[in-house]
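The values are calculated or read from the model by the stated rules, or taken from the named source; none is laboratory data. Here the structure is a predicted model, which is why all the values come from computation and not from measurement. Cβ atoms come from the backbone with ideal geometry, glycine included; neighbour counts cover every protein chain shown. Note: areas computed on protein heavy atoms with side chains; ligands, DNA, RNA excluded. Shrake-Rupley method; radii C 1.70, N 1.55, O 1.52, S 1.80 Å.
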Amino acid sequence: MSNSFSPVLTKRYGIEGSETLAVAEKHGVYTVARRALTEMTPDQLKDEVKKGSIRGRGGAGFPAGVKWGFLNPGPDNQVYLVVNGDESEPGTFKDRTIMVKDPHRLLEGCLIACKAIGAHKCWIYVRGELAHAIKVLDKAIAEARAKGYIGATPFGTDYPIDIYTHSGAGAYICGEETALLNSLEGRRGEPRLKPPFPAIKGVFDQPTIVNNIETIAQVPDIIEMGGDAWAAMSRLGPADGGSRLYGISGHVKRPGVYEAPVGITMRQLIDEYGGGMLNDERPLKGVIPGGSSTPVLRPDRLVDAPAEDHPLHAWHGKSEIDVPMGVETYRALGTMLGTCCAIVMDTSVNMVDVARNLMRFYGHESCGQCTPCREGSGWLVDLLDHMAEGKGKDTDTQLLADVANNMMGNTICAFAEGTAMPMLGLIRQFTDEFTEAAKNGTGAGRMDDSALALIGAAP
Amino acid sequence: MAFQLSPEQTREADEIIARYPTKRAACLPLLWLCQRQTGWTNDEVIAFVAEKLELSTAAVKGVVTFYTMFHEKKVAPNVVWVCRTLSCELRGAKAVQEHMEKRFGCSAGGTSTDGKFTLLKAECLAACGQAPMIQVNDDYYEDLTIEKLDAVLDQIAAKTPEGK
Ligand SMILES: Cc1cc2nc3c(=O)[nH]c(=O)nc-3n(C[C@H](O)[C@H](O)[C@H](O)COP(=O)(O)O)c2cc1C
Ligand code: FES
């Protein structure tokens with residue numbers, strides 16, 4: 001596999017009993033928090049995180065160190081840390097592995113982050129479906145509290161920190177940070193207008209830092225190794241540091257979650273980590289790179305960046321899937337790295353059926369506050385249903401694009417962009433397939449089930 | 001009859017409320033606590049939570065209707081969610097659903113003829129790498145084949161008492 005990288009975040013995965021405090025401690029967990037809380041100042045901690053240049057792992061890729069710097073609490077404010085474990089973006093299944101396989105490292109991250117940002121209270125918001133992960137976390141919290149690591153005097157300091165889980169109850173939109181805050185306050189999970197951003201006015205009207213589970217779980221590694229050394233694991237240089245979790249699902253032999261340096265290529269993810277395509281006779285047709293909201297890539301589409309100052313010039317003429325996976329490189333490619341969890345599709349798949357499956361998801365999950373999103377997502381579903389069933393019109397592909405375009409930039413939160421971008425991406429990359437479906441439908445109207453027969457056979 | 005929590009659950013509820021700076025914030029956790037006892041979130045539960053948190057019933061009802069996991073109708077002792085989102089669909093989720101519909105004698109949204117299972121369609125459950133998968137109550141069953149699915153359901157059915 002990839003040259004000389006040894007896992008950092010996942011090094012305790014698979015150790016028997018790693019979810020218990022005794023085993024976790026034996027493998028080094030809580031030593032960093034002890035040092036952070038007893039010996040380091042908030043500024044020192046924030047500095048290391050900044051040097052690590054960790055880009056938020058929840059989808060938007062915002063540098064965590066910069067976000068923490070937005071805090072400017074007044075004397076009467078109480079700062080809160082909220083950890084986003086909603087993990088609902090289709091194709092994304094990485095945070096769950098942290099919560100279940102190494103919960104104490106996540107708690108250690110929460111303790112360090114609380115100290116760094118001046119918070120005394122932290123909520124880990126976990127989607128309701130992950131009841132088993134919540135049980136594991138609650139047990140870990142109880143153990144750490146009994147040991148005195150969480151509570152009034154963590155590690156003997158006079159810096160009280162409380163950590164609680166908070167269960168969602170089924171709603172994708174609660175992953176959006178302001179919807180999450182409303183849900184945490186006991187309300188419907190409807191996003192809020194920004195500004196004010198959570199760092200200024202978040203949960204219970206107090207300054208709040210919202211970070212993804214993986215972002216927080218990597219904080220102990222950053223402090224332990226030092227920001228610079230941690231950042232240097234990345235193959236993409238100083239602006240996008242470290243290692244991260246890559247997910248891979250769909251038509252590959254070994255779907256799963258793998259830790260690798262920032263900046264491996266999609267081809268490596270599929271071939272080296274994912275074990276190659278599920279069915280050797282059916283090559284890769286397209287890959288959704290980072291959760292369902294990110295525009296699809298095609299292996300037969302080449303990077304067009306002849307200008308020397310183009311950020312992708314080094315990959316000019318190469319396949320899209322040979323560009324290193326990073327926040328900036330993927331943006332330049334016209335897609336997004338998102339949650340870094342790829343959905344791999346082989347040649348058995350019709351992209352109109354893919355669009356139909358995904359748009360049904362968005363149509364179902366739109367919270368309904370904003371008209372362009374509520375109505376637009378519904379229209380996309382109706383149009384695609386018609387198309388797939390062979391009742392489409394010549395003008396439908398253009399109409400799909402028009403509806404999607406009208407959703408962008410016209411709503412409170414980024415859900416509408418997350419719906420429109422993959423829709424537009426599918427049309428852009430596979431126009432012929434949409435034109436053809438508008439004429440003749442997609443035939444089967446269902447995905448090929450033969451994958452099911454291959455699953456047992458895969459290594 | 002008005003809904004009540006046991007003395008032990010009441011202590012748990014009070015402990016939960018104390019975690020938050022506002023009473024309202026305990027709304028979701030309390031609804032969960034109640035639903036775990038009754039199996040579904042009926043009007044008595046809503047009235048109970050509203051009174052406990054000093055909210056209007058409309059406010060609590062608004063919360064309940066927003067989230068798909070609060071059951072507004074009675075469900076069987078085993079709620080089966082079948083994920084139909086893309087990663088699962090690519091690996092045969094539709095066949096998994098159809099097999100259960102045949103086995104249960106009901107379509108998605110309904111309850112099996114023996115009253116033991118309610119079948120519901122789910123959106124991505126964050127187990128895409130273990131597709132296809134289903135959730136039964138709190139537990140995930142992953143990397144399913146039809147044989148594995150039947151074995152799982154047989155086992156759960158055997159543990160579930162007869163009668164509706
Ligand atoms: C529709 C929508 C859904 C989102 N879902 C999630 C999610 O499930 N988990 C998550 O961590 N972030 C999610 N986000 C991103 C959050 O709003 C937020 O940016 C993130 O939690 C910040 O953490 P990070 O900076 O560590 O990435 C979502 C955003 C949108 C617009
Ligand atoms: S698509 Fe089924 S669990 Fe994600």
Query raised in the report: Residues of segment A:60-87 being in contact with a Phe, Trp or Tyr (Cβ under 8 Å, 6 or more places away or on another chain) and either surrounded by 24 or more Cβ atoms within 10 Å (Cβ to Cβ) or β-branched (Val, Ile, Thr) (or both), which ones?
Result: A:TYR80, A:LEU81, A:VAL82, A:VAL83, A:ASN84, A:GLY85, A:ASP86, A:GLU87
Query - Members of segment B:84-103 that are open to solvent by less than 10 Å² (accessible area, probe 1.4 Å) and closer than 14 Å to B:LEU119 by Cα - result: B:ALA93, B:VAL96, B:MET100
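Do you know which of the residues in segment B:43-98 that are among the polar types (S, T, N, Q), more than 16 Å from ligand 2 (Cβ to nearest atom) and in contact with a helix residue (DSSP H, G or I) (Cβ under 7 Å, 6 or more places away or on another chain) is farthest from A:SER183 (Cα to Cα)? Working first, answer last.
Taking segment B:43-98 and keeping what is among the polar types (S, T, N, Q), we get B:56-57, B:65, B:68, B:78, B:85, B:87, B:97.
In the following step, the residues that additionally are more than 16 Å from ligand 2 (Cβ to nearest atom) were identified as B:56-57, B:65, B:78.
With in contact with a helix residue (DSSP H, G or I) (Cβ under 7 Å, 6 or more places away or on another chain) added as a condition, the list becomes B:56-57, B:78.
On the way: B:SER56: 17, B:THR57: 17, B:ASN78: 26 Å.
Taking the candidates together, the pick is B:ASN78.
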Query raised in the report: Here are some residues: A:VAL100, A:VAL136. Which one is under 20 Å from A:GLU25 (Cβ atoms) and within 16 Å of ligand 2 (Cβ to nearest atom)?
Result: A:VAL100
Requested in this report: Would you mind telling me which numbered condition in (1) open to solvent by 40 Å² or more (accessible area, probe 1.4 Å); (2) within 11 Å of another protein chain (Cβ to nearest Cβ); (3) free of Cβ contacts under 8 Å to residues at least 12 places away in the same chain B:TYR20 fails?
Outcome: (1)
Report summary line: The one condition B:GLU162 fails out of (1) within 16 Å of ligand 2 (Cβ to nearest atom); (2) surrounded by fewer than 16 Cβ atoms within 10 Å (Cβ to Cβ); (3) more than 8 Å from chain A (Cβ to nearest Cβ) is (1)
Query raised in the report: Given the conditions (1) more than 12 Å from every other protein chain (Cβ to nearest Cβ); (2) assigned to a loop (DSSP other than H, G, I, E, B); (3) within 30 Å of A:SER366 (Cβ to Cβ), and given that A:GLY291 satisfies all but one, which numbered condition is not satisfied?
Result: (1)
Requested in this report: Would you be able to tell me the number of residues in segment A:229-252 that are assigned to a loop (DSSP other than H, G, I, E, B) and of a type outside the set (A, V, I, L, M)?
Outcome: 8
Report task. Can you work out which of the residues in segment A:402-459 that are open to solvent by less than 40 Å² (accessible area, probe 1.4 Å) and in a loop (DSSP other than H, G, I, E, B) is modelled with the lowest pLDDT? Result -> A:ALA458
Report summary line: The condition from (1) open to solvent by 10 Å² or more (accessible area, probe 1.4 Å); (2) at the interface with chain A (Cβ under 9 Å from one of its Cβ atoms); (3) within 16 Å of ligand 2 (Cβ to nearest atom); (4) not aliphatic (A, V, I, L, M) that B:TYR141 misses is numbered (2)
Report summary line: Note on segment A:333-381: residues away from ligand 2 (no atom under 16 Å from the Cβ) and either β-branched (Val, Ile, Thr) or farther than 25 Å from A:GLU177 by Cα (or both) are A:LEU333, A:THR335, A:ASP346, A:THR347, A:SER348, A:ASN350, A:MET351, A:VAL352, A:THR371, A:TRP379, A:LEU380, A:VAL381
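Name every residue in segment A:180-201 that is within 13 Å of another protein chain (Cβ to nearest Cβ) and of a type outside the set (D, E, K, R), in order of residue number. Even if it seems obvious, please write down each step before you answer.
Of all residues in segment A:180-201, those within 13 Å of another protein chain (Cβ to nearest Cβ) come to A:180-191.
Once the filter is applied, which keeps residues that are within 13 Å of another protein chain (Cβ to nearest Cβ) and of a type outside the set (D, E, K, R), segment A:180-201 yields A:LEU180, A:LEU181, A:ASN182, A:SER183, A:LEU184, A:GLY186, A:GLY189, A:PRO191.
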**Report entry** Subset of segment A:77-106 (residues that are acidic (Asp, Glu) and within 13 Å of chain B (Cβ to nearest Cβ))
**Finding:** A:ASP86, A:GLU87, A:GLU89, A:ASP95
Report summary line: Picked from segment A:183-227 (must be surrounded by 22 or more Cβ atoms within 10 Å (Cβ to Cβ) and of a type in the set (S, T, N, Q)), the residue nearest to ligand 2 (Cβ to nearest atom) is A:ASN212
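Quick check on this structure: which one of A:GLY317, A:GLY286, A:GLY392 is open to solvent by less than 10 Å² (accessible area, probe 1.4 Å) and either closer than 17 Å to A:THR265 by Cα or more than 14 Å from chain B (Cβ to nearest Cβ) (or both)?
When all the criteria are applied, what remains is A:GLY286.
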Query raised in the report: Going by the structure shown, is B:PHE48 assigned to a helix (DSSP H, G or I), among the aromatic types (Phe, Trp, Tyr) and more than 14 Å from chain A (Cβ to nearest Cβ)?
Result: yes
Query raised in the report: How many residues are outside any helix (DSSP H, G or I) and within 16 Å of ligand 1 (Cβ to nearest atom) if we restrict to segment A:124-162?
Result: 7
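Looking for whichever is out of contact with any helix residue (DSSP H, G or I) (no Cβ under 8 Å at 6 or more places or on another chain) and of a type in the set (S, T, N, Q) here; the options are B:THR118, B:THR113, B:THR38. Which one fits? Before you say what the answer is, go through the steps one by one.
Working: B:THR113 fails: out of contact with any helix residue (DSSP H, G or I) (no Cβ under 8 Å at 6 or more places or on another chain); B:THR38 fails: out of contact with any helix residue (DSSP H, G or I) (no Cβ under 8 Å at 6 or more places or on another chain).
Answer to the selection: B:THR118.
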Requested in this report: Of all residues in segment A:120-144, count the ones that are surrounded by fewer than 17 Cβ atoms within 10 Å (Cβ to Cβ) and of a type in the set (Lys, Arg).
Outcome: 2
Query - Members of segment A:256-288 found to be more than 16 Å from ligand 1 (Cβ to nearest atom) and in a loop (DSSP other than H, G, I, E, B), listed by number - result: A:GLY263, A:ILE264, A:GLY274, A:GLY275, A:GLY276, A:LEU278, A:ASN279, A:ASP280, A:GLU281, A:ARG282, A:PRO283
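Among the residues of segment A:163-179, count how many are assigned to a strand (DSSP E or B) and within 8 Å of chain B (Cβ to nearest Cβ). Outline the logic, then answer.
Taking segment A:163-179 and keeping what is assigned to a strand (DSSP E or B), we get A:163-167.
Retained after the next criterion (residues that are within 8 Å of chain B (Cβ to nearest Cβ)): A:164, A:166-167.
Of the residues in segment A:163-179, 3 are assigned to a strand (DSSP E or B) and within 8 Å of chain B (Cβ to nearest Cβ).
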Requested in this report: Please specify each residue of segment B:74-102 satisfying the condition of being closer than 26 Å to B:TRP40 by Cβ, among the basic types (Lys, Arg) and at the interface with another protein chain (Cβ under 9 Å from one of its Cβ atoms).
Outcome: B:ARG84
Query raised in the report: Out of all the residues in segment A:241-255, which are more than 16 Å from ligand 1 (Cβ to nearest atom) and either away from chain B (no Cβ under 12 Å) or open to solvent by 10 Å² or more (accessible area, probe 1.4 Å) (or both)?
Result: A:LYS253, A:ARG254, A:PRO255
